[in-house]
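See structure below.
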Amino acid sequence: MNAAFGFRPHLSRLALACATCCAGAAPAADYTWTGAAGSSNSFWDLASNWSPALPSGADARLLLGAYDTTLRSGVFDVGSVHGSRQLLVQGGELILNASGSSLGTLHFAGGTIKAPGG
């Protein structure tokens with residue numbers, strides 16, 4: 001048996017272990033508010049208002065821009081929310097997993113908001 005071949009499985013496993021351990025975490029996905037459903041339908045649960053799709057993922061970054069938006073139903077478990085206008089929470093649940101969210105105005109009329117440390 002050739003001694004060089006005896007080490008290949010070990011080297012392959014070592015290379016795989018190093019690649020797995022050394023790979024960085026994937027960057028957070030950005031979800032951008034488009035408001036495509038129209039100003040009278042500025043609801044978070046309408047997929048047409050978001051690009052590329054309804055927000056998902058505990059590290060997702062939601063970019064609302066300069067739109068007034070309403071969370072009326074559904075559970076949004078995301079990283080952070082950023083916008084310069086009003087977010088009205090009147091139902092549903094917003095779970096923020098990262099610090100650093102920023103909004104022009106947060107109006108709370110129902111539903112649930114959970115944030116880091118609380």
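Read-outs: derived from the displayed coordinates by stated rules, not from any lab. Keep in mind it's a predicted model, so treat the numbers as computed, not measured. Using ideal geometry, Cβ is built from the backbone for each residue, glycine included, and neighbour counts are taken over all protein chains shown.
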Please check which bits of region 63-79 a label hung off ALA98 would reach, taking the label as a point 7 Å along Cα-to-C-beta and the cut-off as backbone N under 11 Å.
63, 78-79
At ALA66 and GLN90, where each label point lies 7 Å from the Cα along Cα→Cβ, what is the point-to-point distance in nanometres?
2.5
Counting only residues 5 or more places away or on other chains, whose amide H sits under 5 Å from the amide H of GLU93 once H atoms are built in the peptide plane?
GLY74, VAL75, PHE76, THR112
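If you take the C-alpha gyration tensor of region 30-114, multiply each eigenvalue by 5 and take the square root, what semi-axes do you get, largest first, in whole Å?
16, 14, 13
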